[in-house]
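Okay, structure first, notes after.
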């Protein structure tokens, strides 16, 4: 039986990325004692998995993306979460945007690119 979803972030500097997840996002973690020192595995909270088409039209604009996998972070109040994370040193690229499924912002993750942070406009399934 499937018991959980394990997501991966690939990083050019894993210690810096792990420090961001630990210190800025404040995620609880354990250190994998079967790996090198500092190999942290984080509890990221409730999760859900959606399957999206790789082409769509929203607001009269058509988009197409390559088939890929993506990790996004969810919150209840995007503006408050952005303020809280910014006060801890997090950086966002641009202002929030309504993407139809929720209010979205791009959060810079050290050495790992950007990750979507969003406040869903739907009832999240992780509460089922």
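The values are calculated or read from the model by the stated rules, or taken from the named source; none is laboratory data. All values reported here derive from a predicted model rather than from experimental measurement. A quick note on method: Cβ atoms are made from the backbone with ideal geometry, for glycine too, and the neighbour counts reach across all protein chains shown.
Numbers for the structure displayed
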{"read-out": "Enumeration of residues in the range 99-128 that are surrounded by fewer than 13 Cβ atoms within 10 Å (Cβ to Cβ) and in contact (Cβ under 8 Å) with a residue 12 or more places away in the chain", "value": "100, 121, 122, 125, 126, 127"}
{"read-out": "Residue tally, condition under 14 Å from residue 113 (Cβ atoms) and loosely packed, with under 11 Cβ neighbours inside 10 Å, over the range 1-39", "value": "3"}
{"read-out": "Members of the range 40-59 that are in a strand (DSSP E or B), exposed (fewer than 12 other Cβ atoms within 10 Å of the Cβ) and touching a residue at least 12 places away in the same chain (Cβ under 8 Å)", "value": "58"}
{"read-out": "Check on residue 105, out of contact with any strand residue (DSSP E or B) (no Cβ under 6 Å at 6 or more places or on another chain), at negative phi and modelled with pLDDT of 95 or more", "value": "no"}
{"read-out": "Residue check, residue 93 free of Cβ contacts under 8 Å to residues at least 24 places away in the same chain and under 19 Å from residue 25 (Cβ atoms)", "value": "yes"}
{"read-out": "Which listed residue, of 62, 86, is exposed (fewer than 10 other Cβ atoms within 10 Å of the Cβ) and modelled with pLDDT of 95 or more", "value": "62"}
